[in-house]
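Worksheet: the structure to be examined is printed underneath.
The values are calculated or read from the model by the stated rules, or taken from the named source; none is laboratory data. What you are looking at is a predicted structure, and each value in this text was computed from that prediction instead of being measured. Using ideal geometry, Cβ is built from the backbone for each residue, glycine included, and neighbour counts are taken over all protein chains shown.
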Amino acid sequence: MFDKILIANRGEIALRVIRACREMGIASVAVHSTADADAMHVRMADESICIGPPPSPQSYLSIPSIIAACEVTGAQAIHPGYGFLSENANFVQVIEDHGLTFIGPTAEHIRIMGDKITAKDTMIKLGVPCVPGSEGGVPDLATAKKLGQEMGYPVIIKATAGGGGKGMKVANSDKEMEKAFMTARAEGKANFGNDEVYIEKYLQKPRHIEIQVFGDGKGTAVHLAERDCSLQRRHQKVFEEAPGPSITPEERARIGKICAEAMANINYIGAGTIEFLYEDGEFYFIEMNTRLQVEHPVTEGIFGVDLVREQIRVAEGLPMSFTQDELEINGHAIEVRINAEKLPNFSPCPGRITQYHAPGGLGVRMDSALYDGYSIPPYYDSLIGKLIVHGRDRKEALARLHRALGELIVDGVDTTIPLFHELLQEPAILSGDYNIHWLEKWLARNL
Ligand code: ADP
């Protein structure tokens with residue numbers, strides 16, 4: 001059993017992990033850069049330690065500094081949160097070499113799923129349906145054009161190492177292929193140090209449906225249904241809900257079973273998300289994330305489970321605290337991402353929070369590291385909070401979201417709160433009839 005866990009992250013997700021630790025009677029260690037000396041995660045943890053200057057490569061991404069912080073504080077395990085080092089196989093290896101425990105999957109699983117071509121190959125072998133596309137990497141432009149013609153345009157060119165919406169370009173014709181191919185390659189190289197790309201059929205009106213999976217690392221795995229994350233801007237999610245408004249219980253059971261069996265087969269440990277595009281009743285795998293996702297609270301909302309607690313338990317070698325049969329969906333949950341961003345360009349808007357008031361009441365959860373007088377530093381991502389609501393059904397969840405957004409006050413910086421006020425007036429949002437292109441089109445018309 002762990003008695004002290006170090007959290008290699010910041011912001012709301014660091015608080016999320018500290019809270020789980022506290023409920024389990026485990027001490028928490030926060031790490032922080034000099035820019036975050038006054039951050040809430042530092043105040044809330046049992047201990048804190050400075051690991052370097054503001055730029056993340058020298059602090060939150062510095063493996064030696066984080067290992068040193070563990071050794072100094074005597075923490076036995078590291079929770080990586082999401083982003084930063086959460087999907088870095090080398091980090092996991094170094095942690096294990098130091099006799100510490102990584103709270104997450106094995107280095108091998110992270111490596112396999114972190115390379116999208118290998119991930120797709122693996123999923124095909126495990127019987128998971130995938131988007132039709134190139135077999136492996138596409139070496140040159142001529143091959144790319146040939147594939148585009150064979151598959152039929154439009155196609156999407158994707159960097160195998162890509163993530164966060166980077167390294168993905170759509171081509172509608174041979175003519176567009178040249179630029180799209182070169183740009184995807186260049187973005188892959190610049191952002192992820194790998195210029196290998198592959199090609200997929202570009203689906204016209206899919207929804208983004210992702211299945212939450214969880215394994216004990218010993219051959220038992222379950223699924224916790226789906227989240228619909230179709231409301232996206234630049235391939236980045238802004239609004240997520242569970243269960244998916246378009247998914248039937250039969251479809252859920254079918255794809256859920258495929259995912260859980262695939263994870264059981266590879267002895268997957270901890271939380272993972274298998275992402276699909278869903279169109280005309282078919283699921284097409286696009287990628288797997290081997291970590292806790294930003295939007296995990298909507299799943300926690302409908303199942304009443306604590307996914308971070310489960311992650312810690314299986315990392316300790318304990319069994320999961322639920323079986324597939326015990327997992328039953330209760331109601332509906334929605335999350336909106338509150339970013340410090342200025343519309344219409346969504347440009348980051350760091351600065352001092354002059355007033356912060358979190359909404360409350362039945363079925364409302366606010367995960368945020370904000371407080372009155374806090375200064376959002378300019379060095380990190382712009383997510384400053386997640387408002388999550390739960391209701392007995394989708395209609396009640398939407399009404400509750402509307403009510404809670406009205407209570408939420410974040411003054412001093414621009415945020416995405418006004419965007420959600422407007423979206424909640426839209427018939428397509430109220431009825432759940434939207435796909436991955438809906439928000440971009442709406443933004444082009446309304447901003
Ligand atoms: P990342 O790792 O950068 O998040 P993903 O592969 O998860 O990239 O894709 C992110 C988003 O890009 C998807 O949710 C979807 O909106 C869009 N996308 C990806 N692949 C396709 C495709 N084949 N057809 C249409 N849209 C796609």
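Checking the conditions here, which among Pro64, Pro105 is away from the ligand (no atom under 16 Å from the Cβ), surrounded by fewer than 20 Cβ atoms within 10 Å (Cβ to Cβ) and not aliphatic (A, V, I, L, M)? Spell out how you get there, then give the answer.
On the way: Pro105 fails: surrounded by fewer than 20 Cβ atoms within 10 Å (Cβ to Cβ).
Just a single option satisfies the conditions, and that option is Pro64.
For Tyr284, state whether it is surrounded by fewer than 22 Cβ atoms within 10 Å (Cβ to Cβ), at pLDDT 95 or above and of a type in the set (Ser, Thr, Tyr). Spelling it out, Tyr284 is indeed surrounded by fewer than 22 Cβ atoms within 10 Å (Cβ to Cβ), at pLDDT 95 or above and of a type in the set (Ser, Thr, Tyr).
Restricting the range 208-266 to residues that are in a strand (DSSP E or B) and of a type in the set (Lys, Arg) leaves a set whose member that is surrounded by the fewest Cβ atoms within 10 Å (Cβ to Cβ) is Arg233. In the set Gly137, Gly167, only one residue is surrounded by 20 or more Cβ atoms within 10 Å (Cβ to Cβ) and either touching a residue at least 24 places away in the same chain (Cβ under 8 Å) or part of a loop (DSSP other than H, G, I, E, B) (or both); that residue is Gly167.
Given the structure, is Gly361 of a type outside the set (Asp, Glu), surrounded by fewer than 19 Cβ atoms within 10 Å (Cβ to Cβ) and without any contact (Cβ under 8 Å) to a residue 60 or more places away in the chain?
Values: of a type outside the set (Asp, Glu): yes; surrounded by fewer than 19 Cβ atoms within 10 Å (Cβ to Cβ): yes; without any contact (Cβ under 8 Å) to a residue 60 or more places away in the chain: yes.
For Gly361, the condition - of a type outside the set (Asp, Glu), surrounded by fewer than 19 Cβ atoms within 10 Å (Cβ to Cβ) and without any contact (Cβ under 8 Å) to a residue 60 or more places away in the chain - is met.
Tell me, which residue of the range 174-206 that is in contact with a helix residue (DSSP H, G or I) (Cβ under 8 Å, 6 or more places away or on another chain) and outside any helix (DSSP H, G or I) is nearest to the ligand (Cβ to nearest atom)? In this case the residue turns out to be Lys201. Taken over the range 215-228, the criterion of being more than 16 Å from the ligand (Cβ to nearest atom) and within 30 Å of Trp438 (Cβ to Cβ) is satisfied by His223, Leu224, Ala225. Residues in the range 323-358 that are on the phi > 0 side of the Ramachandran plot and in a loop (DSSP other than H, G, I, E, B): Gly331, Phe346. Between Met320, Met288, the distinction of being touching a strand residue (DSSP E or B) at 6+ places or on another chain (Cβ under 7 Å) and either part of a loop (DSSP other than H, G, I, E, B) or without any contact (Cβ under 8 Å) to a residue 60 or more places away in the chain (or both) belongs to Met320 only.
Looking only at the range 140-164, count every residue that is outside any loop (DSSP other than H, G, I, E, B), more than 12 Å from the ligand (Cβ to nearest atom) and over 13 Å from Thr183 (Cβ atoms) and tell me the total.
Within the range 140-164, the first condition is being outside any loop (DSSP other than H, G, I, E, B), and the residues that meet it are 141-151, 155-163.
Among the residues that remain, those that are also more than 12 Å from the ligand (Cβ to nearest atom) are: 141-150.
From the residues that got through so far, the ones that are over 13 Å from Thr183 (Cβ atoms) too are 142-143, 145-150.
Going through the range 140-164 one residue at a time, the tally reaches 8.
Of all positions in the range 264-271, none carries a residue that is modelled with pLDDT of 95 or more, within 10 Å of the ligand (Cβ to nearest atom) and within 23 Å of Thr160 (Cβ to Cβ).
Restricted to the range 423-443, and to residues there that are out of contact with any His (no Cβ under 7 Å at 6 or more places or on another chain) and part of a loop (DSSP other than H, G, I, E, B), the residue that is surrounded by the fewest Cβ atoms within 10 Å (Cβ to Cβ) is Gln425.
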